[in-house]
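Here's the structure, in structure tokens; my notes come after.
The values are calculated or read from the model by the stated rules, or taken from the named source; none is laboratory data. Computed from a predicted model, the values in this text were never measured in an experiment. Note that we place each Cβ from the backbone using ideal geometry, even for glycine, and neighbour counts take in every protein chain shown. Please note that ligands, DNA and RNA were not included when accessible areas were found on the heavy atoms of the full protein model with its side chains. Shrake-Rupley method; radii C 1.70, N 1.55, O 1.52, S 1.80 Å.
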Amino acid sequence: MPAVSKGDGMRGLAVFISDIRNCKSKEAEIKRINKELANIRSKFKGDKALDGYSKKKYVCKLLFIFLLGHDIDFGHMEAVNLLSSNKYTEKQIGYLFISVLVNSNSELIRLINNAIKNDLASRNPTFMNLALHCIANVGSREMAEAFAADVPRILVAGDTMDSVKQSAALCLLRLNRTSPDLVPMGEWTSRVVHLLNDQHLGVVTAATSLITTLAQKNPDDFKTSVSLAVARLSRIVTSVSIDLQDYTYYFVPAPWLSVKLLRLLQCYPPPEDAAIRSRLTECLEAILNKAQEPPKSKKVQHSNAKNAVLFEAISLIIHHDRWVPHRCFLVWSAEALLAVARWPSWLRSTQWTTRGTWTPSST
């Protein structure tokens, strides 16, 4: 996000919010709001053209009034005008107002779509992100009709920045949920699947959410994702903390991505390829072994992240057991769950007891 200069602070907005907070009664608040609404309306209708800063300030006040529970029936055109600004803060407020207050039946939707198309074509990653967020937040059928073809193209383009790829993947996920018939993935399928190999884990996490939803509806089209998901999961599970230090949460490497990958694998039966199946087995063994190790932190965030990965791994084991019964894995899962159940009492007593890792020969 671009740096915001001190000059971007809106003193008038701060004073208005302070006045509202200092109101002693609901009647006093309504009176102050009505006074402000009359002032804003007069400014918008006045003969003097408002600069971008003033429009931004007044649109912000309208947003604040709306969030207080009051209806807003003007200011929409001024918000749309802010979309054409080259200043980040002005464009951001315009998109925020539209996401919150403009419905899909608005007469302004065509102007909004034109502004979004310009920002998507600008190749400015900041403006592209704002536009993609707006599409996802509104998520209407009209938005899907207008941008269903553009968003996948941005997602798989080689020169798209990582932050924009993340936004594009989640935007496409939103459109697919609201209007799946308008989001054809045929020509983009293989390139979207290969985002699982992306070096940026944020892109991989967003892409995994998208692929999981698409695979649930059309599993055959995305079955090539299984091998890539197993390979990525293996790299996470076998990594040392320093390898994923930017994505390690309370000593658990990339827990959100691990959960999403395990959930994606539940869309399919066990891999037929022996090498892939063996690699997945090693991942599950590592997860179950780690579950029985003493916690590396007493904080609840550590246990929550660790257990989230464990529970999703057990769900995958149960899912695969429908095709290939694996008594050893089920027994091991039960042991891991028992270990989890015991840890809270050990946390309270702060006396750790180390269990040995399970091996097939021990059952």
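Give me the number: length gained by fully extending Arg235 to Asp181, i.e. 0.36 nm times residue separation minus the C-alpha to C-alpha distance, one decimal in nm.
Values: separation 54, 0.36 × 54 = 19.44 nm, distance 3.53 nm.
In short, 15.9 nm is gained.
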Checklist entry - Which net charge results when you count Lys and Arg as +1 and Asp and Glu as -1 among the other residues whose beta-carbon is under 14 Å from that of Gly202? => result 0
Item to check | Computed E for His194/Leu67 - FRET, C-beta separation, R0 35 angstrom, nearest 0.05 | outcome: 0.25
Checklist outcome for this item: Counting only DSSP loop positions in the stretch 63-116, the GluC sites (Glu not before Pro) whose Cβ has at most 12 other Cβ atoms within 10 Å are Glu107
Item to check | Solvent accessible area, Å² - Tyr53, 1.4 Å probe, full protein context | outcome: 80
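So for Thr212, Thr224, what's the accessible-area order with a 1.4 Å probe, most first?
Numbers: Thr212 15, Thr224 85 Å².
Descending accessible area places them as Thr224, Thr212.
For the stretch 1-98, what relative contact order do you get, as a whole percent, if you take Cα pairs closer than 8 Å and at least 6 residues apart?
Values: 71 pairs, mean separation 25.0, N = 98.
That works out to 26 percent.
Tell me the relative contact order for the stretch 239-326 as a rounded percent, counting alpha carbon contacts under 8 Å between residues six or more apart.
Values: 65 pairs, mean separation 35.0, N = 88.
Relative CO of the stretch 239-326 lands at 40 percent.
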Next on the checklist: Sequence gap at least 6, Cα distance under 8 Å: using those rules, report the relative contact order of the stretch 49-140 to the nearest whole percent.
Outcome noted: 25
Next on the checklist: With every protein chain left in place and a probe of 1.4 Å, what is the accessible surface of Cys60, to the nearest 10 Å²?
Outcome noted: 20
Checklist entry - With r defined as the distance between the Cβ atoms of Arg141 and Ala121 and R0 fixed at 30 Å, what FRET efficiency is calculated, to the nearest 0.05? => result 0.85
